[in-house]
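Undergrad: Here it is: the structure, laid out below.
What follows draws every value from the coordinates through simple rules; no lab data is involved. A quick note: this is a predicted structure, and the numbers were derived from the prediction, not measured. In this analysis, Cβ positions are derived from the backbone assuming ideal geometry, glycine residues included, and neighbour counts consider all displayed protein chains.
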Amino acid sequence: MGNAPTFLKVIVGILVMAVGTGLFMAALVLLLPFRIARIKACNYYGKTVGRAMTWVSGSRLTWKGTEHLDASRPAIYVSNHSSALDVFIGMWLSPVGTVGIAKKEVVYYPFLGQLYLLSGHLRIDRSSPRQAVLSLRELAAFVKEKQLSIYIWPEGTRSRTGRLKRPFKKGFGHLAMQTGLPVVPVVVKGAHKAWEKGKMRLTAVDVEIEILPPIDTSEWKKRSLAEHLLEVEQAFEDALPEDQKPAPDAEAA
C-alpha cells in the first residue's frame, strides 16, 4: 500500500495525458500539409505535458544555465538518459522550433507514440545503419534550411543504473558537421532515482537540470570526430555527480 499513492498518480497522469493527447492529435490532422506548424505546435504542447508529468512525479526540479536555451539561435541539444522522466523534461525545456529524434518503434508507445507520428519529428531505423545515415542526412538538410534546433539522447538507450553510457553514438556529431549548429549539453542529475526503468513507482527526489554553454562545432571534421565526441562526453562526466559518472570498471550501464 505504501506505493499506492505514487502508482495512482502515474495512472491519473497517464489518463489525463491520454485525453489531452487525443484531442491534440485531432487538431494536428488539420495541419498535416504544414510540417513546420506541426513541429512548433507539438513543442508548445510538449511544454504543457512535460511540465504536468514532472509535477505528477512529485520531484523537485531546479535549473541552471537556462540562458543557454535560446530559441533565436538553433542548436543541437544533447542529454543523458536514465529515466522516463528525462523525456518529459526534454519536452518541457525544448525551445519552440526544436525537432526530436526517436527510434522508429516510438510509434508503439501509447498516446505519445501516435502523437509523435503526426508531429513532423524524425524517426530512425537503428537496425539499418544505411537507412539511419540517410535519415540523419535528410534531417540535417531540413533543419539547416528551416533554422530549427534538434534534441537528441546520444547514449542510444536509457541507462539502467543512472551512470553515463560511453561512448556516445556518432549521429549527433554528423549532424553537427552537416549543419554547423553548436552542441548544447543538457545534464540531468538524479532523475534515475525518481522513476526507475521498468517500474510504475515514483519517488519524490531532487532533480537538477544543468544546461552547459554551447560547444562550437564550426571546425569539426570527420577525421577528428572521435576527439570532438570525447569532448562532449567529458563535459557530461565533469558535470554529473559521482553516482552518475561512467562506471569505473566500464561495465554496461
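Undergrad: Through the Karplus equation 6.51 cos²θ - 1.76 cosθ + 1.60, θ set to phi - 60°, convert the phi angles of region 216-223 into ³J(HN,Hα) values in whole Hz; use x for Gly and Pro.
TA: Karplus-based 3J(HN,Hα) across region 216-223 equals 5, 10, 4, 9, 5, 10, 4, 5 Hz.
Undergrad: Got a sec to turn the phi values of region 24-39 into Karplus ³J(HN,Hα) couplings, 6.51 cos²θ - 1.76 cosθ + 1.60 with θ = phi - 60°, whole Hz, x for Gly and Pro?
TA: 5, 4, 4, 5, 5, 4, 5, 9, 3, x, 10, 5, 4, 5, 5, 4
Undergrad: So in the chain, what percent of DSSP beta bridges are antiparallel if you round to the nearest 5?
TA: 25
Undergrad: Quick one: Karplus J couplings for region 85-102, per residue in order, coefficients 6.51, -1.76, 1.60, θ = phi - 60°, nearest Hz, x for Gly and Pro?
TA: Residue by residue, region 85-102 yields 4, 4, 5, 5, 5, x, 4, 5, 8, 4, x, 4, x, 10, 9, x, 10, 9 Hz.
Undergrad: What is the extension gain from ASP238 to ARG130, computed as 0.36 nm multiplied by their sequence separation minus the C-alpha to C-alpha distance, in nm to one decimal? It would help to have the intermediate numbers written out before the result.
TA: Details: separation 108, 0.36 × 108 = 38.88 nm, distance 3.34 nm.
Length difference between fully extended and current span is 35.5 nm.
Undergrad: Further question: Given a 10 angstrom Cα cut-off, can you work out which residue in ARG130, ARG73, ARG38 is the most mobile in a GNM of the chain?
TA: For the chain, modelled as a Gaussian network with Cα springs under 10 Å, the answer is ARG130.
Undergrad: With runs of 4+ DSSP H residues as the only contributors, calculate the mean residue ellipticity of the chain at 222 nm using -39,500 (n - 2.57) per run, divided by the residue total and rounded to the nearest 500.
TA: Helix-only estimate at 222 nm: -14500 deg cm²/dmol.
Undergrad: Connecting C-alpha atoms closer than 10 Å in a GNM of the chain, tell me which of LYS222, LYS193, LYS170 has the biggest fluctuation.
TA: Sorting by GNM fluctuation, first place goes to LYS222.
Undergrad: Of the candidates LEU69, LEU175, LEU112, which one comes out as most mobile in a Gaussian network treatment of the chain with C-alpha springs shorter than 10 Å?
TA: Between LEU69, LEU175, LEU112, it is LEU112 that shows the largest mean-square fluctuation.
Undergrad: While we're on this one: Which lysines have a Cα lying under 20 Å from the Cα of LYS40, excluding residues fewer than 8 positions away in the same chain?
TA: Output for LYS40: LYS144, LYS146.
Undergrad: Using amide H atoms built in the peptide plane, which far-off residues or other-chain residues are under 5 Å from TYR77 H to H?
TA: Distant-sequence amide H within range of TYR77: ILE150, TYR151, ILE152, VAL184.
Undergrad: In nanometres, what is the gap between the two model label sites at ARG35 and LEU8, each 7 Å from Cα along Cα-to-Cβ?
TA: Going by the 7 Å Cα→Cβ label model, 4.6 nm.
Undergrad: ALA247 versus ALA52, label points 7 Å from Cα toward the beta carbon: distance in nm?
TA: Calculated label separation equals 3.8 nm.
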